[in-house]
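Each remark here refers to the structure printed beneath this line.
The values are calculated or read from the model by the stated rules, or taken from the named source; none is laboratory data. Not measured: the values here are computed from a predicted model. Glycine gets a Cβ as well: all are built from the backbone with ideal geometry, and neighbour counts include every protein chain shown. Just so you know, the surface numbers come from the protein's heavy atoms only, side chains and all, with ligands and any DNA or RNA stripped out. Shrake-Rupley method; radii C 1.70, N 1.55, O 1.52, S 1.80 Å.
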Amino acid sequence: MGDKVKISIVVCTYNNSSVLDRTLDRLARQYCPEGSWEVLVVDNNCVDETQLVVERHKNAERIGRLRVVRERQQGLTPARQRGVRETAGEWLAFVDDDCLLDESWLANAIRFADAHPRCGAFGGLVRPYWESGAEPLPGTVGWTLACQDHGTDACRIWGLVGAGIVVRRAALEQTGWIQTPFLADRIGRRLVSGGDTEISLRISAGGWELWYTPDCVIDHVIPALRTTPAYLKRLAFGLGISQVLVDALVWERSFASCVGQCARSALRQTVHAAQAVIRDRVRGRDRRPSSINLHFALGNWAGIGRLAFKRSLVGAVSRSSPPQVSTSKS
């Protein structure tokens, strides 16, 4: 492959140096031709030991092309945009700073990309890695923690989680996201997101395929703090807000009809979740799943409120969609 970079791995980080150290260690274990990949750490105003961690890995020379840049505009979206601008790979892998990649992840990702010429983005099996050792949560709440498992076979899907999403640079450039993202995504410790789904939606709207491959395995580190009821409720509430904003992006009718549909959906979810909470309480069952669902529904209502001040989001993906790529056989 010479000096051509196939995949640029972008690791955006914010005050998570201890886990970042493990993430970089896993990257150092990848077996893939040197020069075919690069790693860029985007330091998003960290005040911990992030710089020291990256410098230690650079000095160890176990990752052939490892660099770090500092992005002063706070937030995951500007950090990712900086990563795109600072790299050269045909493909971009957005690897979170708490993602531990299987040793074969990179080789399998390159193999999958080469075999799917119409794929605009893909992701792999993302499983929780409980920092405490034991599994502290029921599997029904995995959706709140960016887990991803669509089975044992590769398949096309409608959307991807952000942990380890691999994006074709040409497809991302075509969407206009690099210049004009619609959702701010996470900023600091705020738990409102949606940027990952926006990227998937805009790539799909351009006629590219979205895929899941079980061969690219990631262990997503879940610290004990993220398993507490208080954190999970906040997280679900933020995801509820994000869901409304994401749904608005692809709505093709009026603003009023969008709000009406979101309100009807939020009402149904609120009623069902509240009933489930009451049933679980009466029967003495674990109330965490139903409580999390209730906070997601309450987040929907907050998202509708935000939409009143973000009317331009309604139909934004449809309005900005580029001409679709050809899907005819050559």
Long-range neighbours under 6 Å by Cβ, at least six apart or interchain, first residue farther than 15 Å from residue 310 by Cα and at pLDDT below 95 within the range 248-265, second open to solvent by less than 60 Å² (accessible area, probe 1.4 Å) and not hydrophobic (A, V, I, L, M, F, W, C): 252/315; 252/318
When restricted to 167, 161, the only residue touching a helix residue (DSSP H, G or I) at 6+ places or on another chain (Cβ under 9 Å), surrounded by 14 or more Cβ atoms within 10 Å (Cβ to Cβ), β-branched (Val, Ile, Thr) and in a loop (DSSP other than H, G, I, E, B) is 161
With respect to residue 260, is the statement that it is in a helix (DSSP H, G or I) and either open to solvent by less than 30 Å² (accessible area, probe 1.4 Å) or of a type outside the set (Gly, Ala, Ser) (or both) true? yes
It is to be established whether one or more residues within the range 142-149 are more than 27 Å from residue 296 (Cα to Cα), surrounded by fewer than 17 Cβ atoms within 10 Å (Cβ to Cβ) and among the charged types (D, E, K, R). no
Taking the condition crowded, with 19+ Cβ neighbours inside 10 Å, in a helix (DSSP H, G or I) and either in contact (Cβ under 8 Å) with a residue 24 or more places away in the chain or touching a strand residue (DSSP E or B) at 6+ places or on another chain (Cβ under 8 Å) (or both), does residue 236 pass? yes
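This table checks each residue for (1) open to solvent by less than 60 Å² (accessible area, probe 1.4 Å); (2) part of a helix (DSSP H, G or I).
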position: 8; (1), (2): yes, no
position: 11; (1), (2): yes, no
position: 24; (1), (2): yes, yes
position: 31; (1), (2): no, no
position: 39; (1), (2): yes, no
Looking only at the range 41-56, which residues are in contact with a strand residue (DSSP E or B) (Cβ under 8 Å, 6 or more places away or on another chain), in a helix (DSSP H, G or I) and surrounded by 21 or more Cβ atoms within 10 Å (Cβ to Cβ)? 50, 54
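Looking at 64, 75 in this structure, which one is open to solvent by less than 10 Å² (accessible area, probe 1.4 Å) and at pLDDT below 95?
75
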Please tell me if residue 298 is within 25 Å of residue 124 (Cα to Cα), in contact with a Ser or Thr (Cβ under 8 Å, 6 or more places away or on another chain) and touching a residue at least 12 places away in the same chain (Cβ under 8 Å). no
Name the residue that is nearest to the chain's Cα centre (by Cα), counting only residues in the range 277-290 that are in contact (Cβ under 8 Å) with a residue 12 or more places away in the chain and open to solvent by 20 Å² or more (accessible area, probe 1.4 Å). 289
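What is the residue count in the range 109-129 for residues that are over 17 Å from the mean Cα position of the chain (by Cα) and surrounded by fewer than 18 Cβ atoms within 10 Å (Cβ to Cβ)?
Taking the range 109-129 as the starting set, the residues that turn out to be over 17 Å from the mean Cα position of the chain (by Cα) are 110-119.
Checking which are surrounded by fewer than 18 Cβ atoms within 10 Å (Cβ to Cβ) leaves us with 111, 114-118.
Going through the range 109-129 one residue at a time, the tally reaches 6.
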Residue satisfying all of: in the range 203-224; open to solvent by 10 Å² or more (accessible area, probe 1.4 Å) and in contact with a Phe, Trp or Tyr (Cβ under 6 Å, 6 or more places away or on another chain); nearest to residue 98 (Cα to Cα) among these: 219
Tell me which residues, restricted to the range 82-105, are open to solvent by 10 Å² or more (accessible area, probe 1.4 Å), of a type outside the set (Val, Ile, Thr) and outside any helix (DSSP H, G or I). 86, 88, 90, 96, 97, 98, 102, 103, 104
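For every residue, the table says whether it meets (1) open to solvent by less than 10 Å² (accessible area, probe 1.4 Å); (2) hydrophobic (A, V, I, L, M, F, W, C); (3) modelled with pLDDT of 90 or more.
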site	(1), (2), (3)
107	no, yes, yes
133	no, no, no
139	no, no, no
180	no, no, yes
